[in-house]
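Every read-out reported here was derived from the displayed coordinates using simple, explicitly stated rules and does not represent laboratory data. All values derive from a computational prediction rather than experimental measurement. Neighbour counts are summed over all protein chains in view; Cβ atoms, including those assigned to glycine, are modelled from backbone coordinates with ideal geometry.
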Amino acid sequence: MRYSDLDPRFSPGSLLYPAPSVRWPWRKIDYGVRLGIVAGIDLTAEYADNTMTLLSGRRFGADEVLVTLRWKL
C-alpha cells in the first residue's frame, strides 16, 4: 500500500495556465497484490484510489485498476 497527498500552495499566476491540475489538491492511495500461480507465472492486481478537489471546490475521483499477468520464459 502507498499513500500520496498533495496540497499545492502556489498559483501559476494566470487561470489561463495550460495545466490547471497543478493547483488541484489531491490524495491517492494505491493497493496491490501479487499472486504466484505456478513457478514462473504470477498475477498482479493494483487499484489506485484518486481523489482531487477542483478549483470550483467539487471533489473528483479518477480511480484506476491494472491487472498484469507475467510469465518468465
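Once phi is turned into ³J(HN,Hα) by the Karplus curve 6.51 cos²θ - 1.76 cosθ + 1.60 with θ = phi - 60°, what whole-Hz value does each residue of region 43-59 show in order, with x for glycine and proline?
Along region 43-59, the couplings run 10, 10, 10, 10, 10, 10, 9, 9, 10, 10, 10, 6, 4, 6, x, 6, 7 Hz.
Using the Cβ atoms and a cut-off under 11 Å, what net charge is assigned to the surroundings of residue 64, where Lys and Arg are +1 and Asp and Glu are -1?
After counting each charged neighbour, the total is -3.
Using a cut-off of 9 Å between beta-carbons, work out the net charge of the residues near residue 4 (Lys and Arg +1, Asp and Glu -1, residue 4 not included).
With Lys, Arg at +1 and Asp, Glu at -1, the neighbours total +1.
Within the set of other residues whose C-beta is less than 15 Å from the C-beta of residue 26, count the net charge using Lys and Arg as +1 and Asp and Glu as -1.
Here the count lands on +1.
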